[in-house]
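So the structure is just underneath, and the comments pick up after that.
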Amino acid sequence: MAKFLILGLFITGLQFTAGAAPATQEYHAGEIISGQTGEVLVLDDVVSQIQNGDVVILGEIHGQGVISDQQMQLLQALRNRGLIVNVGFEFFDINQQSALTSYNLGEISEEDFLKQIDWKGFSFDFYRNQALFPQAGLNENVVALNAPRSITSKIARGGLDSLTPNERAVLPPNFQRGNDDYFKRFKEAVGHVGSDEAMERYFLAQSTWDDTMAYRAADFLSMSEGVLVIIVGEFHVQYGGGLPDRLRARGVDRVWTVSQVNIEGLNQAQQVAEIMPSPKWGSRADFVWTSALSLSQP
């Protein structure tokens, strides 16, 4: 696997430890917590604030059954509230939209779908239910959001100047690099990669993911009804610097963020540091949904 792909898997699901916070609260797995106040909420507290036209970003730890179950709970709660629930995915790129739609509609088998998109990595068992959740009869859709890996990998290797004119045309209009705080967190997360130039290329590739997803989401919302729930690696969501920032820059005003966070093995002070606003970066997300995971499982 190319070095960038390894980095990509790392940064999308990374647990990033926030700054110190007073250990005044003990949390438990399965709780939904206000990212601003630390108050423990229930799912209805979240969905009652969401309306058609909103984007909800679910920042996940990849390939975990508990995480998938939480996502399905949120999707069903939104539908139960009477909302049209569309689901967008980091895992599928813009060239795979036709295959994704056909799979969702039952026009092709799962085996054929996975062959067409060359699915690799985590078991599709963790994402099957989410991909099949939207119902065409309810005007719901599945949305492939990401830039092709061939483009982001090429940027990581050679920068934007390495792209051909046709490849550049795949980038979203008015493409923007991620903001400076996001870059600082990215550098801390990735660690040493050899040179400042290499780090910049990797970050440009990361930014391409974020801005492409934001552009696709904004474009979808301009032509469709309902709420758009985006399932994406948690680093893209943390502290608002990646995908949330690019969505707002592209005119999506109502963006809700949910960080799905593993608190397995953390003491009380460490839990608070993960969940409560960081002195350095601010709030991790609007809502933090905790779980207890073994990240070593396949």
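What the table below lists for this structure:
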{"item": "Filter result (closer than 30 Å to residue 52 by Cβ, assigned to a helix (DSSP H, G or I) and of a type in the set (A, V, I, L, M)) within segment 132-169", "result": "132, 136, 138"}
{"item": "Hey, residue 269 part of a helix (DSSP H, G or I) and either over 30 Å from residue 83 (Cα atoms) or touching a Ser or Thr at 6+ places or on another chain (Cβ under 9 Å) (or both) or not", "result": "yes"}
{"item": "Restricting segment 92-126 to residues that are among the hydrophobic types (A, V, I, L, M, F, W, C) and either in a loop (DSSP other than H, G, I, E, B) or touching a Lys or Arg at 6+ places or on another chain (Cβ under 7 Å) (or both), the residue that is farthest from residue 210 (Cα to Cα)", "result": "108"}
{"item": "Among residues of segment 222-239, those that are assigned to a loop (DSSP other than H, G, I, E, B), of a type in the set (Asp, Glu) and either more than 20 Å from residue 83 (Cβ to Cβ) or in contact with a helix residue (DSSP H, G or I) (Cβ under 6 Å, 6 or more places away or on another chain) (or both), counted", "result": "0"}
{"item": "In segment 95-113, residue farthest from residue 141 (Cα to Cα) [restricted to those that are surrounded by fewer than 18 Cβ atoms within 10 Å (Cβ to Cβ) and touching a residue at least 24 places away in the same chain (Cβ under 8 Å)]", "result": "95"}
{"item": "Tally of residues being of a type outside the set (S, T, N, Q) and either farther than 20 Å from residue 162 by Cβ or modelled with pLDDT under 95 (or both) across segment 200-227", "result": "13"}
{"item": "Residue 253 vs. criteria part of a helix (DSSP H, G or I), acidic (Asp, Glu) and within 24 Å of residue 75 (Cα to Cα)", "result": "no"}
{"item": "Single match in 146, 141 (criterion: in contact with an Asp or Glu (Cβ under 8 Å, 6 or more places away or on another chain) and polar (S, T, N, Q))", "result": "146"}
{"item": "Qualifying residue in segment 201-223 (condition: surrounded by fewer than 24 Cβ atoms within 10 Å (Cβ to Cβ), basic (Lys, Arg) and over 29 Å from residue 36 (Cα atoms))", "result": "yes"}
{"item": "Residue match in segment 246-265 (condition: within 15 Å of residue 146 (Cβ to Cβ), within 17 Å of the chain's Cα centre (by Cα) and surrounded by 18 or more Cβ atoms within 10 Å (Cβ to Cβ))", "result": "yes"}
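Let's see how each residue does on (1) surrounded by 14 or more Cβ atoms within 10 Å (Cβ to Cβ); (2) part of a helix (DSSP H, G or I); (3) at pLDDT 95 or above:
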{"residue": "4", "(1), (2), (3)": "yes, yes, no"}
{"residue": "7", "(1), (2), (3)": "yes, yes, no"}
{"residue": "44", "(1), (2), (3)": "no, yes, yes"}
{"residue": "72", "(1), (2), (3)": "no, yes, yes"}
{"residue": "76", "(1), (2), (3)": "yes, yes, yes"}
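The values are calculated or read from the model by the stated rules, or taken from the named source; none is laboratory data. The structure presented is a predicted model; accordingly, all values stated were derived computationally and were not measured. No Cβ is skipped: glycine too gets one built from the backbone with ideal geometry, and neighbour counts run over all protein chains shown.
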